[in-house]
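Chemist: Here it is: the structure, laid out below.
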C-alpha cells in the first residue's frame with residue numbers, strides 16, 4: 001500500500017471514530033428527550049417534526065401545516081366541550097415525566113384552573129403500571145391549594161382529600177359547592193332586583209348574607225344567612241337561617257313580635273315553601289309590615 | 001535420467017498394483033535414486049547460472065527493468081483495492097455527518113418546542129393574549145406544535161380529574177359520556193353512557209350495573225334541563241359503590257382472620273365475624289350502608305354472646321370508628337388495639 005493512501009485511510013478512520021462518538025452522544029440526548037411523554041409524538045405531530053428537520057419531500061410543509069391546523073382546531077373545540085360539560089376551567093397543565101421504564105411510568109402533574117369563582121392549584125404524582133393487557137393508575141402525594149375567601153369551610157375537607165389522594169372527590173365536591181354558590185348568588189340577586197327597597201346585599205352577591213331592612217324601621221334588620229358547608233367526606237350541605245337584629249326599643253313597642261320564634265318559624269316556612277318561597281314570603285311580609 | 005524416470009514411474013505402477021515386499025523395496029530404491037539425481041543436477045545448474053549471470057552483466061539492466069515492471073504490474077492489481085477502501089471510508093464519513101446533522105436538527109427543534117411551550121403556559125397562566133407575530137413558516141409551525149402539546153395535556157388533565165370525556169355521536173343527535181371511578185387514589189372501573197338528544201333527551205345504551213338506579217336519578221335531577229346535575233349525582237353513586245366494593249376487596253386481602261359472612265352486589269350490606277382474643281368469643285358485626293351515595297355505613301351493629309361487650313367503652317369506640325373510617329382501615333386500628341384478632 002502506498003504511504004499517502006495509508007495516511008488518508010488513517011485520517012478518515014479517526015474522523016469516523018470521532019463522528020461515531022458524537023452521533024452516539026446525540027442519540028443518547030435524543031433518547032432522554034423522548035422519555036418526556038409530552039414530547040412523544042404520533043400522527044400529524046410526527047409529520048410536522050419530520051418536515052421541520054428537513055426529512056421528507058420539500059413541498060410537504062404546507063400540507064403538514066394545514067393538517068396540523070385542522071387537528072389543533074378540533075382539539076380546541078373538544079376542550080371547549082369538556083370545559084362546558086365538566087364545569088371546570090383548566091388554565092394550565094404541566095407534566096414532568098419522573099420515570100419511564102418498560103412497564104411503569106411516573107409523572108408529576110401540576111394543574112391550575114378555576115371552578116366558577118374559585119381558583120385552585122393541584123399537584124400530584126401519577127403512576128401507571130402495565131400488567132399485560134391491564135394497566136393500573138394510581139395517584140399519590142396530592143397537594144391542593146384553594147384560593148377561597150372562605151378557607152375555613154374547606155380546610156378539613158382539603159386535608160382529608162390530600163390524605164386519601166381522592167382527586168376525583170375533590171373536583172366533584174368543588175363543582176357541587178360551586179353550583180350551590182351559584183344558586184345562592186342567583187337567588188339573592190333575583191330578590192334584590194325584585195325588592196330593591198327592602199333587600200340589600202351587604203357583602204355582595206357572592207356573600208352568605210342577604211339583609212332585609214326598611215327605611216321606616218331603622219335599626220331593625222333581618223338577616224338571611226345562607227351558608228354552604230362542606231363536610232370532611234365531601235358532602236355539600238346548604239344551611240339557611242334567619243337572624244334578627246332588633247333594638248330593644250322596637251322590642252318594647254312590639255311586645256308580641258315573636259323574636260325568638262322568628263328563626264324557627266322561618267325553618268318551618270322553608271320546609272313548606274322551599275327556599276325561594278320562604279324568602280319571598282318573609283320579604284313581602286316585611287314590606288307590608290310598616 | 002529419462003530411463004530412470006520411466007523405471008521409477010513403472011515402479012510406482014507396480015507398487016500401485018501389487019503390494020508385496022519386493023516391489024516396495026524396489027520402489028524405495030528407485031525413489032531415493034531419483035531424489036539424489038535431482039539434487040546433483042540442480043547443483044550443477046546453479047554453478048552454470050552464476051557463470052551465466054557474470055557473463056551476461058549487460059543483461060542486468062534489462063532484467064532489473066523487467067523485475068520493476070513486474071512489481072508495478074503487481075501493485076496495480078492491489079491499488080484499486082486501496083482506492084475502493086478510501087472511497088468506502090469517505091462515504092461512511094458523509095453518512096455519519098448527515099446523521100449528526102439530522103440529530104442536531106431534531107434536538108434543536110425539541111428545545112425550541114419546549115421553550116415555546118413554556119412561554120405559552122406562562123401566557124395562559126397570566127391570561128395574556130397569545131402574541132401573533134409575523135414570522136417564518138417554520139416558527140409558525142413550531143408555535144402550532146407547542147399549542148398542540150398544550151391542548152393534549154389539558155385534555156388529558158380533564159380526563160384525569162374525572163371529567164365526563166363527552167363526545168358527540170350520531171352526527172350530533174346524541175352524546176356519549178364516561179364516568180370514571182376511583183378510591184383512595186386508585187383508578188377503578190369506568191362506566192359509559194349514551195344519551196340521545198334528538199328527538200328527546202333520553203338515556204340510551206350503557207354499561208352501568210342494574211342496581212344503580214340510573215332512570216330514577218335522571219328523573220330526580222331533571223336530566224332534560226340539567227344534564228350535569230344528573231351526571232354529578234350518577235357519578236357520586238357510582239363512586240360510592242366503587243369505594244364500598246374496593247373496601248371489601250381490601251378487607252379480604254388485608255384481614256384474612258375476619259370472616260365475611262354476608263355481602264351483596266351493591267355492597268350496601270356487610271356482615272363480618274370478629275374473633276375477640278380476650279373474651280374468646282366471636283362478635284358478629286353488621287354494617288348497613290343505606291345511603292348509597294356514601295362510602296361509609298349509616299349503621300353499625302354488634303352482636304355477641306357476651307351481652308355486655310357491645311356496651312363497653314372500647315366497643316362503643318369501635319362502633320364510632322367503623323362509622324367514620326373505611327372498614328379496612330378501621331379493622332387495622334382495632335387489631336392494633338388488640339380488640340380483635
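The values are calculated or read from the model by the stated rules, or taken from the named source; none is laboratory data. Just so we're clear, the structure is a prediction, and the values are computed from it rather than from any experiment. Using ideal geometry, Cβ is built from the backbone for each residue, glycine included, and neighbour counts are taken over all protein chains shown.
Chemist: Residues to consider are A:237, A:227; find the one that is modelled with pLDDT of 85 or more, part of a strand (DSSP E or B) and within 14 Å of chain B (Cβ to nearest Cβ).
Modeler: A:237
Chemist: Next question, about the same structure. Among (1) at the interface with another protein chain (Cβ under 10 Å from one of its Cβ atoms); (2) within 27 Å of residue B:154 (Cβ to Cβ); (3) at pLDDT 85 or above, where does residue A:67 come up short?
Modeler: (1)
Chemist: Kindly establish whether residue A:44 is in a helix (DSSP H, G or I), at negative phi and within 7 Å of chain B (Cβ to nearest Cβ).
Modeler: no
Chemist: A further question follows. Here are some residues: B:153, B:196. Which one is more than 7 Å from chain A (Cβ to nearest Cβ), touching a strand residue (DSSP E or B) at 6+ places or on another chain (Cβ under 6 Å) and surrounded by 13 or more Cβ atoms within 10 Å (Cβ to Cβ)?
Modeler: B:196
Chemist: Follow-up. Please tell me if residue B:203 is touching a helix residue (DSSP H, G or I) at 6+ places or on another chain (Cβ under 9 Å) and either more than 7 Å from chain A (Cβ to nearest Cβ) or surrounded by fewer than 19 Cβ atoms within 10 Å (Cβ to Cβ) (or both).
Modeler: Against the criterion (touching a helix residue (DSSP H, G or I) at 6+ places or on another chain (Cβ under 9 Å) and either more than 7 Å from chain A (Cβ to nearest Cβ) or surrounded by fewer than 19 Cβ atoms within 10 Å (Cβ to Cβ) (or both)), residue B:203 qualifies.
Chemist: If you don't mind, another one. Could you grab me the full set of residues in the stretch B:274-286 that are surrounded by 16 or more Cβ atoms within 10 Å (Cβ to Cβ) and either under 17 Å from residue B:333 (Cα atoms) or within 14 Å of chain A (Cβ to nearest Cβ) (or both)?
Modeler: The answer is B:274, B:276, B:283, B:285.
Chemist: Further, regarding this structure: Go through (1) touching a strand residue (DSSP E or B) at 6+ places or on another chain (Cβ under 9 Å); (2) at pLDDT below 95; (3) assigned to a helix (DSSP H, G or I); (4) surrounded by 13 or more Cβ atoms within 10 Å (Cβ to Cβ) one by one and return the number of the condition residue B:233 breaks.
Modeler: Unmet for residue B:233, out of (1) touching a strand residue (DSSP E or B) at 6+ places or on another chain (Cβ under 9 Å); (2) at pLDDT below 95; (3) assigned to a helix (DSSP H, G or I); (4) surrounded by 13 or more Cβ atoms within 10 Å (Cβ to Cβ): (1).
Chemist: Could you tell me which numbered condition residue A:100 fails, if it satisfies all but one of (1) within 23 Å of the chain's Cα centre (by Cα); (2) more than 7 Å from chain B (Cβ to nearest Cβ)?
Modeler: (1)
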